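First the structure, in the form of structure tokens, and then the observations on it.
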Amino acid sequence: MTLSTIITDYSQNLFLEDTAMPLGRRERNKQEKLDRIVAAASDLFAERGVDEVTTQQIADKADIGTGTLFLYAKTKGELLLLVQNAKYVEALERGRADAETVPGVLDAVLAIVRPIVECNRVQIDNGRTYLREMVFGDPEEPRHGAALAIVAQTEEAVAAVLRRDERVTEGDAATLAHIVSAVMFLSMAVSVNIALSVEEIVQDIRGQVEVLLPR
């Protein structure tokens, strides 16, 4: 199962409406509401930041009731995950493609990392909130589960690059990839790095990852 399929499946895991309604119409209605919610939340979060947006404002912009909104996502945190997960999937896929064209192991790892950092820093407060929700949210909740799946796929992509070095075993590659993921997370999340640019964040990650690799 691909990561895109995982995200799609989670997004489709929604409430059941009147069972008398034909299945095709019911699914179209659900998807149309989901699309409006995602568009409304995405616009408002980008414009004001997640902390300055209320669920009522999102419901109003999506032209639905708040009760209906909560059937799709119970909190603003879940709404942020709903909006951002697809963007992180795109960033990861772009990084994987870029890494395939880069010969050096360290540079290829950073090719995966860079689009993710860029995605996270589009709106810094939203990016840091996304990381917090991903870590402290309920892993059984579909949006959180999708975010954790993205992390797992990112580590798999990094491990695949690390295995290019014949000195790195399968087990070591997985362990190193997990450490790289943690380094990336901390570099994006810590308060002292709020003012840093994407390039500065990437270079911070580079310096830490470089000491982990075989010499």
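The values are calculated or read from the model by the stated rules, or taken from the named source; none is laboratory data. Keep in mind that this is a model prediction, so the values were computed, not measured. Neighbour counts run over all protein chains shown; Cβ positions are idealised from the backbone, glycine included. Remember, those area values only see protein heavy atoms, side chains included, never the ligands or the DNA or RNA. Shrake-Rupley method; radii C 1.70, N 1.55, O 1.52, S 1.80 Å.
Points worth noting:
- Unmet criterion (only one of (1) farther than 22 Å from ALA86 by Cα; (2) part of a helix (DSSP H, G or I)) for LEU212: (2)
- Looking across the stretch 146-171 at every residue that is assigned to a loop (DSSP other than H, G, I, E, B) and either of a type in the set (Ser, Thr, Tyr) or in contact (Cβ under 8 Å) with a residue 24 or more places away in the chain (or both), the one that is nearest to TYR88 (Cα to Cα) is identified as ARG164.
- The one condition in (1) in a helix (DSSP H, G or I); (2) within 23 Å of ASP98 (Cβ to Cβ); (3) of a type in the set (D, E, K, R) that ARG128 fails to fulfil: (2)
- Tally, over the stretch 103-121, of residues that are among the small types (Gly, Ala, Ser) and either assigned to a loop (DSSP other than H, G, I, E, B) or open to solvent by 20 Å² or more (accessible area, probe 1.4 Å) (or both): 1
- Considering the stretch 122-155, and only residues there that are among the acidic types (Asp, Glu) and surrounded by 15 or more Cβ atoms within 10 Å (Cβ to Cβ), the residue that is nearest to TYR72 (Cα to Cα) turns out to be GLU141.
- Helices (runs of 4 or more DSSP H) contained entirely in the stretch 54-102, each with at least 3 residues that are open to solvent by less than 10 Å² (accessible area, probe 1.4 Å) and in contact with a Pro (Cβ under 9 Å, 6 or more places away or on another chain): 76-100
- Test for GLY104: is it in contact with an Asp or Glu (Cβ under 7 Å, 6 or more places away or on another chain) and either under 20 Å from VAL209 (Cα atoms) or among the small types (Gly, Ala, Ser) (or both): no
- Members of the stretch 173-202 found to be out of contact with any helix residue (DSSP H, G or I) (no Cβ under 7 Å at 6 or more places or on another chain), under 15 Å from VAL109 (Cα atoms) and surrounded by 14 or more Cβ atoms within 10 Å (Cβ to Cβ), listed by number: THR175, ILE179
- Qualifying residue in the stretch 148-164 (condition: under 15 Å from ALA86 (Cα atoms), within 15 Å of the chain's Cα centre (by Cα) and of a type in the set (D, E, K, R)): no
- Qualifying positions in the stretch 81-103 - small (Gly, Ala, Ser) and at pLDDT 95 or above: ALA91, GLY95, ALA97, ALA99
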